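Engineer: This is the structure I have questions about; it appears just below.
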């Protein structure tokens, strides 16, 4: 019974992480826009930490910038012209 409880808890945590990652993914274009406009103060500190942990943003010279991974994620969200 305890194994089922642990598995259920683990599944719930994985689902929560996936939901947070998707929320961050959807918010990335707006986040990048805020960084370009030098409005990083409008980005939640927890989100910044999460972006850095995901390697989508990195600290550079006291500021934040988009990583190659972050740039690829952002490109995936751009509407494609067919």
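Engineer: When residue 35 is evaluated against the numbered criteria (1) touching a residue at least 12 places away in the same chain (Cβ under 8 Å); (2) in contact with a helix residue (DSSP H, G or I) (Cβ under 9 Å, 6 or more places away or on another chain); (3) farther than 18 Å from residue 17 by Cβ, which criterion, by number, is the only one it fails?
Structural biologist: (2)
Engineer: If you don't mind, another one. Before we move on, is residue 33 surrounded by 10 or more Cβ atoms within 10 Å (Cβ to Cβ), at pLDDT 95 or above, over 8 Å from the mean Cα position of the chain (by Cα) and not in a loop (DSSP other than H, G, I, E, B)?
Structural biologist: Answer is yes for this residue.
The values are calculated or read from the model by the stated rules, or taken from the named source; none is laboratory data. Worth saying up front: this structure is predicted, and the values here are computed from it rather than measured. So basically every Cβ, Gly included, is an ideal-geometry build from the backbone, and we count neighbours across all protein chains shown.
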